[in-house]
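Participant: One structure follows; several queries about it will come next.
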Amino acid sequence: MKTTNSTDTHGVPEAFLSKFGQQITGYISGFDRVRFHGTLRMLFQPEIFECCLARQGVLVKNFKAHALALTARVKKVAIEAAAAAGRPWHYVRHSAESKEDFVREIARRDRIKEGLIAVLSAVEPCWSYTVRGNRETKRLDLVLESKRCTHLYHYFQHAQCGLLHVRVQTWYPFTVDICLNGREWLARQMDREGLRYDQRGNCFVRLSDPVRAQQLLDAQLHTDWPKLLGTLLDQAHPLHPELTDLSCQPYYWSASQTEYATDLLFRNADQLAELYPLWLHHGIRTFNSADVLRFLGRPQPNKFRGDIASTLKRRPEGVRLKHMVNGNSLKMYDKEGRILRVETTIVNPKPFRVYRSSEAQPGGKKQWRYLRRGVADLWRRAQVSRAANTRYLSALASTTEKTPLHTVVRPLCRPVTVDHQRYRALNPWAQDADLLEAISNGEFALNGLRNRDLRHRLFGVCHDRTALRRQAAAITRKLALLRAHGLIKKITGTHRWVVTEHGRPLITALLTARQANLDQLTQIAA
């Protein structure tokens, strides 16, 4: 199935470029930070874990001694590896201490270009096992509960990925987290090709070839993630084969958090400084719950069950506007004074959909199913995140629009002829108001809408077959009318329709004007 995004602008809508393109020197879209979570899934089920230990000859009553011995070996191997490489070992006492800043200073001081930089240890919360007595069964049980234990952070300068860290839990079930930075990755790839750039933190204020940089970012999506993550696991956790033998399965890799950023590089700071306050004001005052849900491809509030919040915060790298929906978020920054960044963070992927087969039948029929945490669906995370960034920038493109509304919508209020077929004018405030509101619903933003979706919204539930055929024919005529006016287009190879980039701002403006009260319109006129 084809996506509805424009592939040539890589997440930057034409509406935004047509208005502000002369002030922009380039733009790139790709993953910023990605956190991978490695688990031995069998060890997260206490009953199965007990069976695995019994197979190794370890009784539950001896679990603590067994676990302490293995933990000591994990720490010893890490200390010896750091000593062999001549790299420091540091204990982090306070969570407020920035590990990344500390490691960057060591890398700068010691001029580390590749390999291990340092190993840090910290006591942090985790899920781990404890032996507890069960009064009912009169036996000892292994209980998985929230506790605290030592975690080892192995920081590397990787030849392909740049600065990264591997976090190893030193107690059962020995989870592993690997955090990569997409911009660091891009910098290493540009170094290989001899491309010039000016990097500040995790962004680029100057790119000699933004088009080639985007191609390198896109290549990340074709990475063999299990192979790459397995190599990093071997370096930071050499005892993991013993654990995989115990659980009879390798580490399972999932993306626990992804940040996908679209960066627009402005020619100078003054141009961005003039526009950014307008965008902030527009975002915090205008974007309501329905807008935020639409940006993230979610249903409207009347069907949504969850929390929606928007916050404005001044940070060292710039002023940040953040919209949050049940753990996922959409943010806007002015980074380094010259970069407009729109970033989608996905922690909870299940609300999104991917066109795939069932896991039980890999070669079976494909359907729209929930987006999985596993790395197999990472490419789809990039798609939905880029689409969210695109919708957000499209909304920002209308911030400084000075054209009168009647001038913009006048073509919609006139009859049009397409392929020798005449279509009537639209009546956006009366006859066609409900139609426009239905097609702009947030739940159709990602995957589009079908005839029956629109039929249910406009006519409700109907069980009479004759009436259903009559309603379906009416919806077909309405879809043809909207397509003739350029408000929707069909997704190739499907029965689904999506709102066009041209139609989205027009529909939003019409619905906003329709919902405005007399006092608001009077203030605008004044």
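Any read-out appearing in this document is the output of simple, stated calculations on the displayed coordinates, not a laboratory observation. Given the structure is predicted, the values throughout are model-derived calculations rather than measurements. Cβ sites come from the backbone with ideal geometry, for glycine too, and all protein chains shown count toward neighbours.
Participant: So which lysines pass the test for residue 489, namely a Cα distance under 25 Å, with those fewer than 8 places away in the same chain ruled out?
Facilitator: Cα-Cα hits under 25 Å: 2, 19, 366, 478.
Participant: Do the alpha carbons of any pairs in 99/335; 335/490; 113/227 sit beyond 30 Å of each other, and which pairs?
Facilitator: 335/490
Participant: Just to confirm a number: summing +1 for Lys and Arg and -1 for Asp and Glu over residues other than residue 122 whose beta-carbon lies under 12 angstrom from that of residue 122, what do you get?
Facilitator: On the way: positive: 93, 99, 148, 167; negative: 97, 124.
Counting the neighbours of residue 122, the net charge comes to +2.
Participant: With the cut-off at 1.5 for a/c, could you classify the range 139-230 from its C-alpha gyration tensor as rounded, prolate or oblate?
Facilitator: Cα axes put the range 139-230 in the prolate bin.
Participant: So what are the chain's ellipsoid semi-axes, whole angstrom, largest first, if each one is the square root of 5 times an eigenvalue of the alpha-carbon gyration tensor?
Facilitator: Working from the Cα gyration tensor, I get semi-axes of 49, 30, 20 Å.
Participant: Once the convex hull of the C-alpha atoms of the range 50-131 is built, how many Å³ does it hold per residue, rounded to a whole number?
Facilitator: 130 Å³
Participant: Could I have the simple spin-label model distance between residue 267 and residue 48, label points 7 Å from Cα toward Cβ, reported in nm to one decimal?
Facilitator: 6.0 nm
Participant: Length gain on complete extension for the stretch residue 357 to residue 492, per 0.36 nm per residue less the alpha carbon to alpha carbon distance?
Facilitator: 46.6 nm
Participant: For the chain, what is the charge dipole size about the Cα centre, in debye to the nearest 20, if Lys and Arg each add +1 at the Cβ and Asp and Glu each add -1 at the Cβ?
Facilitator: 1400 debye
Participant: For residue 61, which lysines qualify as cross-link partners when the Cα separation must be under 18 Å and same-chain residues fewer than eight apart are set aside?
Facilitator: Cα-Cα hits under 18 Å: 138.
Participant: Give the percent of DSSP beta bridges with both residues in the chain that are antiparallel, rounded to the nearest 5.
Facilitator: So the antiparallel bridges in the chain amount to around 95 percent.
Participant: Run the quick spin-label model on residue 89 and residue 418: label points 7 Å from Cα toward the beta carbon, then report their separation in nm to one decimal.
Facilitator: 7.0 nm
Participant: Order by neighbour count: 267, 87, fewest other Cβ atoms within 10 Å first, most last.
Facilitator: So the ranking, lowest neighbour count to highest, is 267, 87.
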